[in-house]
Every structure is written in C-alpha cells, then in structure tokens.
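Asks: One structure, as structure tokens, below. Some questions next.
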Amino acid sequence: MSRKLASVQRITSIEPHPNADTLEIAKVLGWTAIVKKGEFKPGDEIVYCEIDSVLPPKPEFEFLAKYKYRIRTIKLRGVISQGICFPKTVLGKDIMNNFHEGDDVTELMGITKYEPPVSEHLNGVVKGNFPYFIPKTDEDRITAIPELFEKYKTTPGYVTEKLDGTSVTYYWNEYFGVCGRNLELKYDESNKNNILCKYALEHELEARLKLYCEKVGFNLALQGEMVGEKIQGNRYKIHGNEYYIFSIYNISKGQYLDSDDMFRIAKELGLNTVPIRAFPEVPFNSIDDMVNYVAKMVSNLNSTIPVEGVVWRSIKEQRCELTSKGRLSFKVINPEYLLKFDQ
C-alpha cells in the first residue's frame, strides 16, 4: 500500500487562529492545517493533501508555483501548518460525489511524492529492483492514522530516534547484497566510490554477516540508517560515516525479529543500533501531545539540533492491518525539524 498523499477526509474540528482574524486552525486526521476563516466547518468532507505532495502545474495550484508546487511544513503567524485542505470540487464537480472519506485521490489529482536530491556519492551502478524477499523500509506517520494511536496507545513498545540520513539494507541470503531505499546496488569494483558499498567493504560486513548467518542457520537482512559526511549535508557533524541498525529481518522465516533479538544480534555483530529514546511513563492523551513532546527533543548524535523524529514499535513484533507495511509501528516527525531543515 502506497502513501495516500491526497485523500478525501473529514474536518474534525475548527479553532480560531490566536494571531490572525482571517485564519482558522483545522484538524484533519492527526494533522493541523491553517485554512481561511469561514471556508470550512467541522464535519465537511474535503480533499486533504499531505506534506511531501508535489501538485501538478495547473492554474488552480498556481499559488504553489514559487514553492515548485511542493507542500511542506510551514508556520503561519506562529502556528504550524502541515498540508492543504481543498474543497471536494477540486476533483471536478461531475465526479466529486463518487469519492468519500478515506478514498485515495493521489493519482486522480496527478500528485507525486517529493524526493530529496540524491548525493552523487550515493549514486551507483544498479543491480536491480529491491529484493522481493525483504520488505522495504518505511514507517507510517501517526498523524495520518489516528485510529492506530487510539487502538494501541497502551501497548508496550519502545522508542528510537529517527535519524536523518539514507536508508540502507545489507543482507546475506546465500550471497551478500547492498540496497538503498528502493534499489539494489552492485557490490563490486564498479561501485567502489558509493558510500554504502564502501562502508560495507571497509567494515567487512560481507564476511561478518556470512559467518553469523552460517553459525545460526538462517539468513538475515540488516536495515538501518547511514549518516555522516556527504549525506544530507552531514547535519550531525560526524567524521566519516556511521551505520545505525533499526530493524533486522529474518529472511529464512519471512519475519522481523523482536526487539530483544534485534539488539542482541546487532551487538554480537559489533554494529550500532539507533539511539533508544524514552516517552513519559504516563500514556499520551492525544497525537498532539506526542508531537509536542517530540518537538522539544534534541538529537542524541548532536545535541545542538532538534531530533528529526522518533519511531515507536511494539516490543514483540505484531502484525497490524492499519499500517501500510502491516507491521505495528509508526513514526512521529518533529515539525520544528522540518521547519529548520526541510526547505
């Protein structure tokens, strides 16, 4: 299931803007969006476009031209706004009544997902598509799935820092493989300057992972984040590059490992895991409470910058029909980080 960048949703509440008489604050799912006063009311079905949406260059979206038609996190008169609410008529008056709450209209509206430019040092010779036997790495934003929060807010889980780098999967499945977020790279001389392949070579990951998998009798995929020089502007000011594991997938059994096993195996392999972070012992009452808490956090890798966000996962792996990957997990992105760096 791909991300619903644009979907029909319902406005759950409207509040006055504290600093602007002509604006109001709308709640859609778990998101907060600034709208014109009087344009919408609670209960209205609207078309909601999430941040990271890139709209087509049509006359009705001309107001986004100076932003290259990309929707991003902004602050309007002191209040954070994420996403844009459109009347359902944006779909076309002749077809708008064919769509209802929850329907995905991303393709219908011609919307694509913004992808940040890839550093030349991450480019390389591609071997092929991402391996079919390993899930791609991604987490749903809790702001997009409020029912997930309500259903699982008291479930035992653990919280890790979401690092702003580039996603990397290293695996052993009778042979060694190196993957970026969407593609597998050739692991040979043709990619000697690629950061992901270079790191694996310098740290002997092929030999270490092969030996470990042969010892335990099953094949593994290590999934994590590479940070440091020549990646995302090296916001953490790291010398060289560092790799932090956030999940380990048992290829042989077709399932993710429980958290205890993940941390244990990473330690046995001599590899880092993403920093563990803590939430208050008292459960949050709302998604807003959670986002506001994360907004005050700073990174474990560099305390001078805000944390990009956090990822919550159940301590024991669970399937979940509410998430796009079918895994009980979600991420909370810090809007203050987006305001500072995602421009």
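Coordinate-derived values only; no laboratory data. What you see is a predicted model, and the numbers here were worked out from it, not measured in a lab. Here Cβ is always computed from backbone atoms with ideal geometry, including for glycine, and neighbour counts include all displayed protein chains.
Asks: What percentages, rounded to whole numbers, describe P(r) for the chain computed over all alpha carbon pairs with 20 Å bin width beginning at zero?
Replies: Taking every Cα pair in the chain, the percentages come to 28, 56, 16, 0.
Asks: Quick check: Cα centre of region 1-42 to Cα centre of region 295-343, how many Å?
Replies: 23 Å
Asks: Of ILE51, VAL79, ILE95, which is farthest towards the positive pole of region 6-113's charge dipole, taken about the Cα centre with +1 and -1 on the beta-carbons of Lys, Arg and Asp, Glu respectively?
Replies: VAL79
Asks: Could you work out the local net charge near PRO146, counting Lys and Arg as +1, Asp and Glu as -1, over the other residues with Cβ closer than 14 Å to its Cβ?
Replies: Net local charge, PRO146 excluded: -1.
Asks: Quick one: give the max-minus-min coordinate of the C-alpha atoms of region 1-131 along each principal axis, largest first, in Å.
Replies: Between the extreme Cα coordinates on each principal axis of region 1-131 lie 54, 37, 29 Å.
Asks: Less than 13 Å Cβ to Cβ from ASP188, Lys/Arg counted +1 and Asp/Glu -1: what total charge do the surrounding residues give?
Replies: It works out to a net charge of +1.
Asks: Please tell me the relative contact order of the chain in percent, rounded to the nearest whole number, where contacts are Cα pairs under 8 Å and at least six residues apart.
Replies: The normalised contact order for the chain reaches 17 percent.
Asks: Would you mind working out the magnitude of the charge dipole of region 62-198 relative to its Cα centre, with +1 at each Lys and Arg C-beta and -1 at each Asp and Glu C-beta, to the nearest 20 Debye?
Replies: My answer is approximately 580 debye.
Asks: Related question: Whole-Hz ³J(HN,Hα) for each residue in region 290-305, computed from phi via Karplus 6.51 cos²θ - 1.76 cosθ + 1.60 with θ = phi - 60°, x for glycine and proline: what do you get?
Replies: Once θ is set to phi - 60°, the couplings for region 290-305 become 5, 4, 5, 5, 5, 5, 9, 7, 10, 6, 5, 7, 7, 6, 8, 10 Hz.
Asks: Let me ask something additional. Pairs LYS4/LYS93; LYS136/LYS186; LYS58/LYS113; LYS41/LYS93; LYS88/LYS340; LYS136/LYS210: which exceed 25 Å Cα-Cα? Show your work: numbers first, answer last.
Replies: Values: LYS4/LYS93 22 Å; LYS136/LYS186 18 Å; LYS58/LYS113 17 Å; LYS41/LYS93 20 Å; LYS88/LYS340 32 Å; LYS136/LYS210 21 Å.
LYS88/LYS340, as the Cα separations exceed 25 Å there.
Asks: Now, a different point. Arranged from highest to lowest average of other beta-carbon atoms within 10 Å per residue, in what order do the peptides 284-294, 206-216 appear?
Replies: 284-294, 206-216
Asks: Given the rule -39500 (n - 2.57) for each run of at least 4 DSSP H residues, summed and divided by the residues of the chain, what is its mean residue ellipticity at 222 nm, to the nearest 500 deg cm²/dmol?
Replies: Numbers: 6 runs with 53 residues, N = 343.
One gets -4500 deg cm²/dmol as the mean residue ellipticity at 222 nm.
Asks: I've got another one for you. Can you sort LYS93, LYS198 by how many other beta carbons sit within 10 Å, fewest first? Before the final figure, lay out each step's value.
Replies: Values: LYS93 9, LYS198 15.
Least to most surrounded, the residues fall as LYS93, LYS198.
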